[in-house]
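The values are calculated or read from the model by the stated rules, or taken from the named source; none is laboratory data. Here the structure is a predicted model, which means the values were calculated and not measured. Here the Cβ positions follow ideal geometry from the backbone for every residue, glycine too, while neighbour counts run over all protein chains shown.
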Ligand SMILES: *Cc1c(COP(=O)(O)O)cnc(C)c1O
């Protein structure tokens, strides 16, 4: 059962102690509801574990998982750093008054405007991804007569497949510089020639929804293989190693993630081993969890509408959202658990598939989930929708985007308003 599965005396699903059917009525559906205490717990599991080991660290929330002013304010309160990958995400961070020195800019095709914004606001670091942006950044820094710390993003040649890892020579990825074929070293050499750019260290990100530590350990070893050479050749010792994000969470019973401190412990242990061998100073460790901070902290509430029974095939139950607020089932065949929020204690009596309301057959949220018998107007709650749900939402079929509510200390607070139809047409211009 999902960790957010709590009920009250009426047998209704609660989140943060509040009745979800009350929230659905108050704010309408589809509605994202986040348990802010759970966000804080996840953040602290990472931050506290580094502290426990006495390791200097930055835990950078990958804001693409769910970016909003309120969310970034919580991240700031929890002393997280922040990854942004666009001007929009950076703008949101600035609006949340996020400390600029703790913001890192990512992206495989950063343009002049993005890099200029990073330089102008003097953010903490740019993660260099390709040769093109090295030259762009150099010119911008010259114009602004300033300097910038960077990490060099490398692809260590490890394919993480959730449960197994493949060591490859050259990784087939649009991101970063290859370690194996000398590309990374060439980029490093170029960066060394530019005295306004300071290479604080290396970055890699091996994948997403990872359940074991082996892939991270293999990545650390690959980074140190390169660093051993760079120490000899260039007397270079990194101040920072950034191992990226990808820490897995539970969506259904098929997912068996480690406790968050387990990943930190594995990283610290392996880096200690490598550092001792090379007789280097222990670097700061940075990580970039997105999903692991917010994924399991939210539910999406929907109102159930129509049904279609196809005897001998399956029953469809349709809700008032779908791929516009959660594209992951369609995009990744992602699986979710759901309950009928106003009938949690009723035993399942049927198996049905949850369809969205978009004009698209692929607009399905869950296939074949056990449910009690449902009526139009019942509230369906889908668990673990906190990451890559709202942030990937779209206006397909011109549905206004859903609302987002935060719950903490038995208080509910709207943090993203539901869009209106005026919002939907606000950029449309007349052609009459
Ligand atoms: C997407 C991404 C993350 C976050 O991934 P999660 O699976 O959400 O933890 C971190 N770092 C980089 C570079 C990414 O692209």
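None of 301, 260 is surrounded by 14 or more Cβ atoms within 10 Å (Cβ to Cβ), modelled with pLDDT under 95 and touching a strand residue (DSSP E or B) at 6+ places or on another chain (Cβ under 7 Å) except 260.
Would you mind finding the one in 22, 53, 34, 91 that is modelled with pLDDT of 95 or more, within 15 Å of the chain's Cα centre (by Cα) and over 21 Å from residue 205 (Cβ atoms)?
Just one listed residue meets the conditions, 34.
Scanning for something within 30 Å of the chain's Cα centre (by Cα), over 15 Å from residue 387 (Cα atoms) and free of Cβ contacts under 8 Å to residues at least 40 places away in the same chain, does segment 336-343 turn up at least one residue? No: zero hits.
The residue of segment 95-108 that is nearest to residue 134 (Cα to Cα), among those that are surrounded by fewer than 18 Cβ atoms within 10 Å (Cβ to Cβ) and touching a residue at least 24 places away in the same chain (Cβ under 8 Å), is 108. Return only the number of the condition from (1) more than 16 Å from the ligand (Cβ to nearest atom); (2) buried (at least 22 other Cβ atoms within 10 Å of the Cβ); (3) under 21 Å from residue 23 (Cα atoms) that residue 411 does not satisfy. If we test residue 411 against (1) more than 16 Å from the ligand (Cβ to nearest atom); (2) buried (at least 22 other Cβ atoms within 10 Å of the Cβ); (3) under 21 Å from residue 23 (Cα atoms), just (2) comes out false. Taking every residue in segment 230-258 that is over 17 Å from residue 288 (Cβ atoms) and pairing it with any residue that is part of a helix (DSSP H, G or I) and away from the ligand (no atom under 16 Å from the Cβ), at least 6 positions away or on another chain, the pairs with Cβ-Cβ distances below 6 Å are 236/230. When 187, 219 are checked against the criterion of being away from the ligand (no atom under 16 Å from the Cβ) and assigned by TED's automatic domain parsing to the domain that holds residue 129, a single residue qualifies: 187. Just one residue in the set 329, 347 is away from the ligand (no atom under 16 Å from the Cβ) and either in contact with a helix residue (DSSP H, G or I) (Cβ under 8 Å, 6 or more places away or on another chain) or in a loop (DSSP other than H, G, I, E, B) (or both); that residue is 347. In segment 30-45, the qualifying residues are those that are buried (at least 24 other Cβ atoms within 10 Å of the Cβ) and in contact with a strand residue (DSSP E or B) (Cβ under 7 Å, 6 or more places away or on another chain), and the one that is farthest from residue 305 (Cα to Cα) is 35.
Within segment 201-216, the set of residues being touching a strand residue (DSSP E or B) at 6+ places or on another chain (Cβ under 7 Å) and more than 9 Å from the ligand (Cβ to nearest atom) comprises 201, 202, 206, 214, 215. Taking every residue in segment 406-424 that is on the phi > 0 side of the Ramachandran plot and pairing it with any residue that is at pLDDT 95 or above, at least 6 positions away or on another chain, the pairs with Cβ-Cβ distances below 6 Å are 410/17.
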